[in-house]
1. Return the residues of the range 147-163 that are in contact (Cβ under 8 Å) with a residue 24 or more places away in the chain and either among the β-branched types (Val, Ile, Thr) or in contact with a Cys (Cβ under 8 Å, 6 or more places away or on another chain) (or both); say none if nothing qualifies.
2. Go through the range 52-66 residue by residue and tally those that are outside any strand (DSSP E or B) and open to solvent by less than 30 Å² (accessible area, probe 1.4 Å).
3. Of the residues ALA13, ALA77, which single one is without any contact (Cβ under 8 Å) to a residue 40 or more places away in the chain and either at positive phi or aliphatic (A, V, I, L, M) (or both)?
4. Any residue at all in the range 42-51 that is open to solvent by 50 Å² or more (accessible area, probe 1.4 Å) and either within 20 Å of ALA165 (Cα to Cα) or outside any loop (DSSP other than H, G, I, E, B) (or both)?
5. Within the range 1-23, which residues are under 21 Å from the mean Cα position of the chain (by Cα) and farther than 19 Å from LEU85 by Cα?
6. Say whether the condition of being within 21 Å of MET159 (Cβ to Cβ), at pLDDT below 90 and in contact with a strand residue (DSSP E or B) (Cβ under 6 Å, 6 or more places away or on another chain) is met by at least one residue in the range 2-10.
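The values are calculated or read from the model by the stated rules, or taken from the named source; none is laboratory data. Small disclaimer: the values here were computed from a predicted structure and weren't measured. So basically every Cβ, Gly included, is an ideal-geometry build from the backbone, and we count neighbours across all protein chains shown. Only protein heavy atoms, including side chains, enter the accessible area calculation; ligands, DNA and RNA are left aside. Shrake-Rupley method; radii C 1.70, N 1.55, O 1.52, S 1.80 Å.
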Amino acid sequence: EENFNVTKKRALALNKKLIKLPELRDQVNNEINKYMTTGVWTEECFDQNLKKHYLPLNYVTSQSTTTPTRIIIDPSAKGKNNISLNCTQRYGFSHVGDLRGILLKFRAAQQVSVGDISKFFNSFKLTTEDRSLTRMLIPKEGFGVTENPTLIEVVPTKMGFGDRAAPVLAVIGKNSNVATFIAETATNHQDDVNRALI
């Protein structure tokens, strides 16, 4: 169901709030500019026949020195029909496994490996149809710059962290990359690599 007006109202409320907070305004606009420059977000013209859905934006602040302000896209925001984008996505299966078993193996192992993948959730491209359902409204001039901004539509090009399907897609991507890595490993090391990563 059309939710343009609800999203527009939230964008204008955020704009009004950031007019009064210039330091925060600059941080929010810097993050948006970074997303636009790196291609994580883009302006896009869509076929009129595609379904459309808009996602409101907000921000959170943290003590991080590298990212003191983070932009939040809200795929849980419901329209008039009480349906959100997250309501239409599946969770998938939990691939974490039995936490007690994991901790026991961790404690009993002679050697342990721990890793983290940076920026992993912005690694899955969205189709045109999916991008049309994740439209966002941002002021052309930047948030908090003017009281009557010109709102433009932008879309994420990649799946965001807050989407319901993001965790299972991250696991699928990780497993796919691990399988490729094992296949490219020297034959005499494949068993050890397989045991360490799988």
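1. Scanning the range 147-163 gives ILE152, VAL154, VAL155, THR157.
2. Initially, the range 52-66 is screened for residues outside any strand (DSSP E or B), giving 52-53, 55-56, 62-66.
Checking the rest, the ones that are also open to solvent by less than 30 Å² (accessible area, probe 1.4 Å) come to 53, 55-56.
Selection size over the range 52-66: 3.
3. ALA13
4. Yes, the range 42-51 contains at least one residue that is open to solvent by 50 Å² or more (accessible area, probe 1.4 Å) and either within 20 Å of ALA165 (Cα to Cα) or outside any loop (DSSP other than H, G, I, E, B) (or both).
5. Once the filter is applied, which keeps residues that are under 21 Å from the mean Cα position of the chain (by Cα) and farther than 19 Å from LEU85 by Cα, the range 1-23 yields only LEU14.
6. Step one: filter the range 2-10 for residues within 21 Å of MET159 (Cβ to Cβ), giving 3, 7.
Going one step further and asking which of them are at pLDDT below 90, we end up with 3.
With in contact with a strand residue (DSSP E or B) (Cβ under 6 Å, 6 or more places away or on another chain) added as a condition, the list becomes 3.
Yes: one or more hits.
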